[in-house]
1. Just to be sure, is A:Asp381 among the acidic types (Asp, Glu), farther than 21 Å from A:Pro271 by Cβ, out of contact with any Phe, Trp or Tyr (no Cβ under 6 Å at 6 or more places or on another chain) and without any contact (Cβ under 8 Å) to a residue 24 or more places away in the chain?
2. Being within 16 Å of A:Ala203 (Cα to Cα), charged (D, E, K, R) and under 24 Å from the mean Cα position of the chain (by Cα): is that true of A:Asp394 here?
3. If I filter the range A:190-197 for residues that are free of Cβ contacts under 8 Å to residues at least 12 places away in the same chain and either within 14 Å of chain B (Cβ to nearest Cβ) or of a type outside the set (A, V, I, L, M, F, W, C) (or both), do I get at least one hit?
4. Before we move on, is A:Lys416 in contact (Cβ under 8 Å) with a residue 12 or more places away in the chain, part of a loop (DSSP other than H, G, I, E, B), surrounded by fewer than 24 Cβ atoms within 10 Å (Cβ to Cβ) and among the basic types (Lys, Arg)?
5. Answer with yes or no whether A:Lys327 is touching a helix residue (DSSP H, G or I) at 6+ places or on another chain (Cβ under 6 Å) and touching a residue at least 40 places away in the same chain (Cβ under 8 Å).
6. Could you tell me whether A:Asn373 is closer than 30 Å to A:Thr158 by Cβ and surrounded by fewer than 24 Cβ atoms within 10 Å (Cβ to Cβ)?
7. From (1) of a type outside the set (S, T, N, Q); (2) under 28 Å from A:Asp289 (Cα atoms); (3) exposed (fewer than 13 other Cβ atoms within 10 Å of the Cβ), pick out the condition that doesn't hold for A:Glu193.
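The values are calculated or read from the model by the stated rules, or taken from the named source; none is laboratory data. Every value quoted in this text rests on a predicted model; they were computed, and no experiment measured them. Every residue, glycine as well, gets a Cβ built from its backbone with ideal geometry; the counts of neighbours run over all protein chains shown.
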Amino acid sequence: MSSHREAPEMAKDPVADSTDVYAFVSPDKPDTVKIIANYIPLQQPDGGPNFYEFGDDVAYDINISHTTRARADITYRFHFTTKIRNPKTFLYNTGPIENIRDETWNRPQFYKVTRIENGRSVVLGRGLTCPPVNVGTRSTPEYAKLARQAVHTRGKRTFFAGQRADAFHVDLGSIFDLGGLRPFNKAHAIPLEKMDGINSVQAYNVHSIAIQVPISDLTRKHNRPTDVMSRSSVIGVWTDASRRKSRMFDSRKGKYVGHGPYVQVSRLGNPLVNEVLIPMAEKDAWNADAPREDKRYAKYVDKPELAGLLPVLYPGDTFANLRAYKKPRADLNAILLTGIPSGVVDGFQNYTGPIESDMLRLNVAVPPSKDENKLGLIGKDAAGFPNGRRVGDDVVTIELRAIAGVTIPLVDKDYKPDGAASAVEDGTSTDPKTVMGSFPYLGTPGGGYQTKPGTTDSK
Amino acid sequence: MSDLNRRKLLAVTGMGAVAGSVALVAGPASAAVRRSGSAQEPVVAFVEDHDSDELRLMVGERELVVHDRDLVTRLLNAAGGF
């Protein structure tokens with residue numbers, strides 16, 4: 001997945017697990033940037049009685065680099081506090097929740113948001129209320145209204161933190177079964193009948209932290225750039241989650257108590273980097289490192305394991321040109337670690353300097369597309385991934401095709417991609433219910449009562 | 001003057017800050033007396049390498065790195081006694 005349960009240790013700590021990051025300029029408010037940071041993967045909507053919530057013991061950061069240093073020049077930090085209104089009941093809610101301030105919601109969650117720039121911290125909001133999870137038809141009968149109540153505007157900045165539908169889509173069941181892509185089942189080394197892709201994230205929820213801030217809030221010159229080719233039009237974005245360095249189990253309280261500084265345990269910039277490119281033994285160390293230290297991982301981008309596997313998994317001439325290509329993948333290095341410099345794609349760049357660092361790079365001077373192409377830049381739509389990432393961008397297909405060689409000609413004009421490189425996909429698509437056209441852009445989370453368990457077959 | 005009174009602790013606070021590093025001069029063994037600036041909250045002490053003089057203290061949102069072979073030895077002795 002993008003980054004759901006992508007590392008062995010992090011898979012045991014879902015509350016701190018960054019799953020997806022989106023950063024984009026949208027047509028509805030083109031003078032603002034929206035950044036969405038998702039955590040807590042694969043939430044079953046009917047996962048009561050203890051439903052999902054942010055960690056009170058986790059610090060959640062949205063970081064922006066607007067210089068060439070690959071450092072957090074601006075950070076939005078979120079700390080959560082959970083209360084129990086009635087300690088005598090086991091219930092999450094003691095009646096219908098019709099307003100996010102209703103006393104019937106027994107376990108409300110609140111947050112503080114702090115903006116940090118140049119070492120100066122400014123608290124932008126305290127006691128901001130999250131919505132409850134979507135318990136079901138009786139408990140949260142008008143969920144969309146509850147979510148709207150949890151959109152908080154402070155000055156020119158807007159915040160939301162709470163449960164949403166997961167708009168990511170991927171066929172995990174097939175991809176992690178020896179690199180299977182159901183639409184290409186017959187070409188696989190272990191062939192099966194061709195099938196449509198199955199979205200493994202279908203109907204699952206996540207917890208989102210979303211911000212909508214003026215473009216000038218994030219750019220180097222604190223203006224709204226209009227020159228696409230200017231370095232100061234580009235920002236780098238990544239999220240992280242931190243826990244206290246030491247945790248002791250307090251038997252009297254029945255929970256862990258933290259001591260010492262917060263230390264990073266999870267991070268995310270470009271989708272699928274840690275998931276697919278970083279070896280298993282290094283994934284958790286990668287999560288604890290800062291993007292500016294990514295030079296040590298660049299070899300896995302320059303020679304991705306998956307690019308070597310594709311010609312083996314899909315033998316014959318399917319990926320013959322990819323198999324023969326032995327140069328370091330300068331195309332992937334640019335897309336994922338430095339940004340695309342000028343001169344590579346006509347009229348576009350999102351270069352952040354030579355420091356190799358996994359950040360989602362957004363050129364805010366590129367106008368938002370009114371008619372989005374889900375393939376983003378490789379689909380001739382420069383407002384989409386890897387220029388930032390929109391909710392509807394099909395990042396699995398984009399990255400699969402890039403790794404398969406479709407972007408090599410950007411840096412090596414002599415290379416001719418295999419025909420399969422521009423066709424390869426997992427066969428899944430965005431569930432329209434998971435997307436909204438306005439803040440916070442992710443759709444209403446699935447309700448517990450409304451959920452029907454899926455099917456499985458072990459044969 | 002007590003052992004602790006002769007020591008100067010340097011703390012670096014805040015998230016993401018580099019841990020403070022302090023070299024301490026061990027004094028003669030004597031009954032320790034709490035000074036006015038002593039911690040007033042839970043403290044976690046961590047000796048990662050029993051052959052070194054390094055002790056890490058987690059207090060509040062700070063991490064202090066103390067270099068004090070005598071203190072580390074006393075902790076090791078205490079820990080080994082059980």
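1. No, not satisfied.
2. no
3. Here is the first cut: in the range A:190-197, the ones free of Cβ contacts under 8 Å to residues at least 12 places away in the same chain are A:191, A:193.
Filter once more, keeping what is either within 14 Å of chain B (Cβ to nearest Cβ) or of a type outside the set (A, V, I, L, M, F, W, C) (or both): A:191, A:193.
Yes.
4. Criteria met by A:Lys416.
5. When the stated conditions are applied, A:Lys327 does not pass them.
6. yes
7. (2)
A quick yes/no check of all residues on (1) of a type outside the set (S, T, N, Q); (2) more than 19 Å from A:His207 (Cα to Cα):
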| position | (1), (2) |
| --- | --- |
| A:Val33 | yes, yes |
| A:Ala37 | yes, no |
| A:Gln43 | no, no |
| A:Gly48 | yes, no |
| A:Phe80 | yes, no |
| A:Glu103 | yes, yes |
| A:Val113 | yes, no |
| A:Asn118 | no, yes |
